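For reference, the structure is listed below as structure tokens.
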Amino acid sequence: MAKFTKADRQRIIDGYLGATGRNQFVPGEFVDWLSGQPDHEAYGWFFGKDDAEAAREYRIDLARQMASGLRIVSQVSSARSTRMKVATREFPALISPVAGRKGGGGYTSFDPHDTGDRSELLRQGAVSLRSWLNRYRGAAEMAGVNVSQIETIIAKIEKTTGQKAA
């Protein structure tokens, strides 16, 4: 499937509107029109798969939407002589690695045992904390909240991941 830039998509839609004389983009009408244009550059994007394959991909996307924002629970245990410590930690079921977003990216299953996944999640957490701090610091300080602990957390995460939070 072709990866179309924003400019490509604009050109394709403008071309469709010009070819049909329409002045409004109606997605269903566009797909119907495109189905009769097998030589069109966007034809493969919409009709490059058989219906069963396209339906499966659509259902997988629905499953991703259903799992979005949910948490997985992982128990971590460590034993020392006769004592055992069990800690329950929550993680997101899916993450969207920033490095893959420009190329289309998407969500991947989070593996709490994968150091890359943990590092990515930590880095995204530091970015979110930094964003929160930039937006709400003034209000928090006026309410008497000491935000220095948040800054300390961000610094520790940045040191652990080796990356600065934007």
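What number of lysine-lysine pairs in the chain show an alpha-carbon separation below 20 angstrom, given a sequence spacing of 8 or more or placement on distinct chains? Number of lysine pairs found: 5. Backbone amide hydrogens, once placed in the peptide plane, bring Q37 within less than 5 Å of nothing, excluding anything fewer than 5 places away on its chain. Under 12 Å from the 7 Å Cα→Cβ point of W45, by amide nitrogen: which residues of the stretch 1-22? 1-16, by backbone N distance to the label point. On the beta carbon distance between E158 and M66, with R0 = 45 Å, the FRET formula returns roughly 0.85. Placing R0 at 41 angstrom, the Cβ-Cβ distance between K3 and N134 gives a FRET efficiency of 0.80 after rounding to 0.05.
Over the chain, the pair-distance histogram of Cα-Cα distances with 10 Å bins from zero comes to 8, 22, 24, 20, 16, 8, 2, 0 percent, rounded to whole numbers. Using θ = phi - 60° in the Karplus curve 6.51 cos²θ - 1.76 cosθ + 1.60, the 3J(HN,Hα) couplings for the stretch 46-57 round to 9, 10, x, 10, 6, 4, 5, 5, 5, 5, 5, 4 Hz; x is entered for Gly and Pro. Axis angle, to the nearest 10 degrees, between helix 115-142 and the longest C-alpha principal axis of the chain: 80 degrees.
Within the accessible surface of the chain, defined with a 1.4 Å probe on protein heavy atoms only, the carbon and sulfur portion equals 52 percent. Give the angle, between 0 and 90 degrees and rounded to the nearest 10, that separates the Cα long axis of helix 148-161 from the longest principal axis of the Cα atoms of the chain. Helix 148-161 and the main axis of the chain meet at about 70 degrees.
The values are calculated or read from the model by the stated rules, or taken from the named source; none is laboratory data. Because the structure is a prediction, the values reported are computed rather than measured. We place every Cβ from the backbone using ideal geometry, glycine too, and count neighbours over all the protein chains shown. Heads up: the accessible areas ignore ligands, DNA and RNA and are worked out on the full protein's heavy atoms, side chains in. Shrake-Rupley method; radii C 1.70, N 1.55, O 1.52, S 1.80 Å.
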